[in-house]
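See below for the structure under consideration.
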Amino acid sequence: MNTCRLLIFLCLALTAQLTQAGPKIERWQTLAGTRVLFVEDHSLPIIDVEVDFAAGAAHEGAGQEGVAGLTRSLIDLGAGGMDETQIASRLADLGARLSGGVDLDRASLTLRTLSMVDKRGPALDLLQAILSRPTFPVEVLAREKARSVAALKEALTRPDTIASKAFWSAMYAEHPYGRQATPESVSTLQRADVLAFHATHYGAARASLAIVGDLTRSQAEALAEQLTRGLPAGPAIGDLAAPRLPIAGEQRIEHPAAQAHLLIGMPALKRGDPDFFPLAVGNYSLGGGGFVSRLMKEVRDKRGLAYSVHSYFLPLQQLGPFQIGLQTKKAQANDALKVTREVLVAFLEQGPSEVELQAAKQNLIGSFPLRLDSNRKILENVAMIGFYDLPLDYLDRYPENIERVTIAEIRAAFARRVRPAHLVTVVVGGE
Amino acid sequence: MPMHCARSSALLLLLAAPLATLANPYERQLANGLRVIVKEDRRAPTVAHMVWYRAGSMDETNGRTGVAHVLEHMMFKGTPTAGPGEFNRRVAAAGGRDNAFTSRDYTAYFQQVPKQKLAEMMQLEADRMRHLTLDDKEFAQEIRVVMEERRLRTDDQPQSLLFEQLNAVAFQVHPYRVPIIGWMNDLENMTASDARHWYDSWYAPNNAYVVVVGDVDHQAVFGLAEQYYGVLQARPLPVRKPQEEPSQVGVRRLTVKAPADLPVVMMAYKVPVIRNVEQDVDPYALEMLAAVLAGHDAARFTRHLVREQRLAVNAVAGYDSTTRGPGIFHLYGSPSAGKTRAELEVGLRAELARVQQDGVAAEELARAKAQLIAGQIYKLDSIFAQAMEIGQLEAVGVPYTMNRRMIEKLQEVTAEQVQAVARKYFRDELLTVAELDPQPLPQTPLARSPFAPRH
């Protein structure tokens with residue numbers, strides 16, 4: 001019976017896999033040395049471009065916390081002889097949208113423009129100016145520092161921010177992933193710090209470019225050359241060091257909020273690691289699968305302890321965290337923590353059941369088309385593949401890599417990556 | 001992956017569908033009153049399926065606030081044929097994503113699934129449209145989850161508290177005065193029978209419509225809708241009382257104290273919304289005013305208040321011209337360090353006065369319109385966004401077919417009309433001002449336990 005069902009499922013999965021290839025991704029390098037990934041799609045008159053630099057917060061020097069975010073926020077506030085108002089006005093006139101931000105690894109700029117020549121030409125010229133000739137005006141810098149300090153001070157009154165900052169410090173200690181911007185560190189940043197960070201980290205060799213939409217390969221090649229030829233050369237920089245794993249421990253921080261915020265986790269997974277697939281399938285059953293995970297059933301459905309409870313792996317350039325998070329009425333904090341730990345321990349011991357395994361695969365493989373059903377989603381995937389230099393057939397092979405996972409592999413991968421001797425816990429609020 | 005190609009160099013041509021697809025979206029009404037709206041979009045092999053009920057928090061009564069949203073939660077708690085949790089399990093097994101949302105005007109449920117799973121989604125939605133179990137024990141658990149949601153999203157969020165209090169003061173009669181999630185005391189005293197009464201009152205095919213957007217054939221969808229939803233009976237609906245808000249006759253002010261660092265000023269002016277797509281003028285002009293004030297990074301609020309005067313760390317204007325209830329035009333922001341809430345309020349008012357006196361430049365209006373048109377094209381990249389657009393218009397009684405006409409009406413707005421609405425509605429008699437007065441946390445720095453090793 002079971003074998004029969006499994007066989008049927010495998011056949012279905014195989015059919016699905018044949019019809020579920022990802023988009024056709026083309027890849028090359030610009031003369032300046034930037035990796036380019038391109039997906040041609042003429043169904044809508046839209047072009048999406050994402051430029052990612054290895055210029056995230058992990059690349060800040062000690063004492064420079066906040067400089068990555070500040071550099072990224074200033075880069076489009078003055079460039080190529082235009083001030084911030086001229087840049088924003090021109091973008092708006094064209095109906096173009098420039099967005100982006102920084103995370104630990106990346107600083108990104110994302111441009112969405114209409115593909116008609118009279119729109120895309122000027123919009124891409126603006127992006128080129130921003131990439132190659134940013135001016136970092138001193139008065140804008142002072143203002144953006146003040147806004148950043150105000151936002152940080154506000155965030156530091158909130159239980160979720162306090163919990164998150166304490167959690168990352170506990171997991172990573174002195175590693176760059178554990179360093180955090182503070183109002184004090186941002187206040188001391190000078191224009192020279194921003195210029196140096198830009199010159200060092202916004203170079204062509206540290207960039208990757210993703211292009212999706214209504215243009216041909218030769219147009220995309222010209223665009224990629226245009227955007228990257230003026231980038232700073234930039235020095236060669238070594239890779240981030242691996243973090244040391246923390247010793248298991250628990251920290252409690254008082255807070256007057258109605259709810260306590262709980263986080264449990266440890267550094268666990270790098271991008272491109274083959275453990276990604278067993279961990280993804282296993283985590284679906286533990287706390288990743290929306291409303292159907294064990295954590296959701298035990299914490300929310302059976303006990304009404306929380307509105308949201310989740311677990312996930314965040315693979316980064318270096319070991320990114322495994323994390324469980326929830327919020328609950330403060331009097332219930334200890335009950336919720338106990339239930340959560342019990343669910344985790346049981347999962348680490350046994351792994352998912354056969355039924356859970358099949359449900360996880362069914363969803364992760366079945367939902368594959370939903371991951372790629374818009375240019376925006378394709379761009380996100382392609383930019384990630386480009387930045388982390390994953391294989392070009394990463395999306396094509398995703399369903400079969402999920403399908404192949406066994407319970408034994410899940411248990412082994414979790415045993416390697418989620419180790420009670422290294423799990424840190426942070427509770428903000430509670431009694 | 002994308003299958004077909006509809007290139008055009010003229011934007012407006014592109015917005016006007018090619019002849020062959022002029023009928024897209026397609027619509028059919030079933031005998032039980034349920035309307036089914038289908039938009040074919042064959043770019044990817046997925047589909048968005050939504051069921052919208054014309055019942056939101058504005059249809060609640062005193063003492064039972066929050067029941068629309070509680071019922072939304074209970075809709076996932078099972079029917080005789082699909083037990084508790086089964087709905088989510090089946091959607092997940094279909095490779096789908098699902099959720100629901102409750103607003104002041106409506107309650108809606110959606111699934112995004114691979115296209116071959118649409119029939120199963122319809123079967124599940126039709127089942128819970130009539131056969132919800134609403135078990136007492138499940139209710140007792142779920143109401144606790146909803147109270148946690150209120151703590152998370154409102155009680156511990158100073159800006160949400162401020163917004164809740166602002167609505168409670170700006171509206172004294174109209175049910176827009178109550179929060180969608182409900183007052184905590186009402187949640188504490190809510191019973192399963194309150195939820196049952198709500199469900200029996202409003203969850204009927206003649207009070208709902210289905211929106212399907214994606215890689216589907218509309219005739220096939222109509223067939224499925226007939227099969228699954230067609231068997232449900234229409235039922236008489238409760239009478240809706242208008243509960244019109246009496247005229248405001250003077251400025252209203254309130255303050256909220258909460259743990260925070262940044263002060264906030266929120267100003268709410270009572271303004272009209274679209275009631276007649278063809279004849280209305282002012283709501284379109286108000287939309288353009290919001291775009292000129294705060295539609296992009298070089299718009300007036302950011303340019304003047306944040307960048308030039310350094311009066312605010314942020315300043316925003318917001319207006320929604322499509323609501324069932326009365327309209328509000330919001331202005332809000334946080335003062336920069338060293339500036340007061342009063343100074344920011346003066347600055348926000350000065351921006352309004354400038355429009356009242358000098359109007360807006362043709363260039364500013366053209367910029368707002370360029371963004372509007374581009375935004376319409378960008379929306380085509382998401383089948384979910386297209387389904388939401390149809391659903392939200394229908395929720396407030398505007399036929400989705402009027403969308404194109406509304407875009408034209410926005411394009412027709414003149415600088416004189418923008419100045420006219422600025423003069424007409426931005427008066428103190430129509431204003432409510434709410435201020436967040438930040439309170440320091442009890443201990444600074446917060447007491448922390450040492451990082452204690454655990455074994």
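The values are calculated or read from the model by the stated rules, or taken from the named source; none is laboratory data. All of these numbers come straight from a predicted model, not from anything done at the bench. For neighbour counting, all protein chains shown are included, and Cβ atoms are generated from backbone atoms with ideal geometry for every residue, glycine included. Calculation scope for accessible area: heavy atoms of the full protein, side chains included, ligands and nucleic acids excluded. Shrake-Rupley method; radii C 1.70, N 1.55, O 1.52, S 1.80 Å.
Charges were assigned to the Cβ only: +1 to each Lys and Arg, -1 to each Asp and Glu. The resulting dipole of the stretch A:331-411 about its Cα centre is roughly 180 debye.
Taking the stretch A:289-325 and a reference point 7 angstrom along Cα→Cβ of A:Glu342, the backbone N atoms nearer than 16 Å belong to A:294-306.
Assuming a ≥ b ≥ c are the square roots of the Cα gyration tensor eigenvalues, decide whether the stretch A:312-406 counts as rounded (a/c under 1.5), prolate (otherwise, with a/b larger than b/c) or oblate. Judged from the Cα gyration tensor, the stretch A:312-406 comes out prolate (a/c at least 1.5, a/b above b/c). Looking at the stretch A:242-428, the accessible area is 34 square angstrom per residue; that uses a 1.4 Å probe and ignores ligands, DNA and RNA.
Estimated from the Cβ-Cβ distance and a Förster radius of 56 angstrom, the FRET efficiency linking B:Ala353 and A:Ala408 is about 0.20. Averaged over the residues of A:154-166, the number of partner chain Cβ atoms lying within 10 Å of the residue Cβ comes to 4. Both chains summed, the buried accessible area for B and A stands near 6700 Å², from protein heavy atoms and a 1.4 Å probe. Placing R0 at 60 angstrom, the Cβ-Cβ distance between B:Lys241 and A:Gln350 gives a FRET efficiency of 0.60 after rounding to 0.05.
Under the criterion of Cα pairs below 8 Å and six or more residues apart, the relative contact order for chain A equals 22 percent. Counting only DSSP beta bridges whose two residues both lie in the stretch A:26-228, roughly 80 percent are antiparallel.
Per-residue mean of foreign Cβ neighbours for B:250-259 is 1 (Cβ atoms of other chains, 10 Å radius).
Subtracting the Cα-Cα distance of B:Ala361 and B:Ala447 from 0.36 nm times their residue separation leaves 25.5 nm of extension gain. Spin-label pair A:Glu26-B:Arg275: with each label point 7 Å from Cα along the Cα-Cβ axis, the two points sit 5.7 nm from one another. When the solvent-accessible area of chain B is split by element, carbon and sulfur atoms take up 53 percent of it, the probe being 1.4 Å.
With the largest listed first and rounded to whole Å, the semi-axes of the equivalent ellipsoid of the stretch A:166-237 from the Cα gyration tensor are 34, 17, 12. Rolling a 1.4 angstrom probe over the protein heavy atoms with all chains in place gives the stretch A:26-228 an accessible area of 32 Å² per residue. Residues of the stretch A:370-406 that bury at least 40 Å² of accessible area once all protein chains are present, compared with their chain alone (1.4 Å probe, heavy atoms only, ligands and nucleic acids left out), are A:Leu370, A:Asp373. When Rg and the Kirkwood Rh are both derived from Cα coordinates, the Rg/Rh ratio for the protein assembly as shown amounts to 0.94.
Expressed as a whole percent, the accessible surface of chain A that belongs to carbon and sulfur atoms is 56, based on a 1.4 Å probe. Toward the positive end of the charge dipole of the protein assembly as shown, with +1 on the Cβ of Lys and Arg and -1 on the Cβ of Asp and Glu, the farthest Cα among B:Ala68, B:Ile373, A:Gly121 is that of B:Ala68. If you model the stretch A:26-228 as an ellipsoid using its alpha carbon gyration tensor, with each semi-axis the square root of five times an eigenvalue, the axes come out at 32, 19, 16 Å, biggest first. For chain B, the fraction of C-alpha pairs more than 43 angstrom apart is 20%.
As a calculated quantity, the FRET efficiency between B:Ser201 and B:Ala385 at R0 = 30 Å, using C-beta atoms, amounts to about 0.45. With both residues required to sit in chain B, DSSP beta bridges show an antiparallel share near 75%.
Stokes-Einstein diffusion for chain A at 25 °C, viscosity 0.890 mPa s, with a Kirkwood radius from C-alpha pairs, works out to 105 µm²/s. Peptide A:321-329 has a mean of 2 when you count, residue by residue, the C-beta atoms of other protein chains within 10 Å of its C-beta. Modelled label positions at A:Gln219 and A:Asp83, each set 7 Å beyond Cα in the direction of Cβ, lie 3.5 nm from each other. Only helices enter this figure: runs of n ≥ 4 DSSP H residues, each worth -39500 (n - 2.57), summed and divided by the residues of chain B, yield -11500 deg cm²/dmol at 222 nm to the nearest 500.
Mean residue ellipticity, 222 nm, helices only, chain A: the sum of -39500 (n - 2.57) across DSSP H runs of n ≥ 4, divided by residue count and rounded to 500, is -13500 deg cm²/dmol.
Taking Cα centre as origin and charging only the Cβ of basic (Lys, Arg, +1) and acidic (Asp, Glu, -1) residues, the dipole magnitude of the stretch A:26-228 rounds to 280 debye.
Across all directions, the average projected area of the convex hull around the alpha carbons of the stretch A:298-337 is 3.2 nm².
With each label modelled as a point 7 angstrom along the Cα→C-beta vector, the B:Ala119-B:Asp136 pair spans 4.0 nm.
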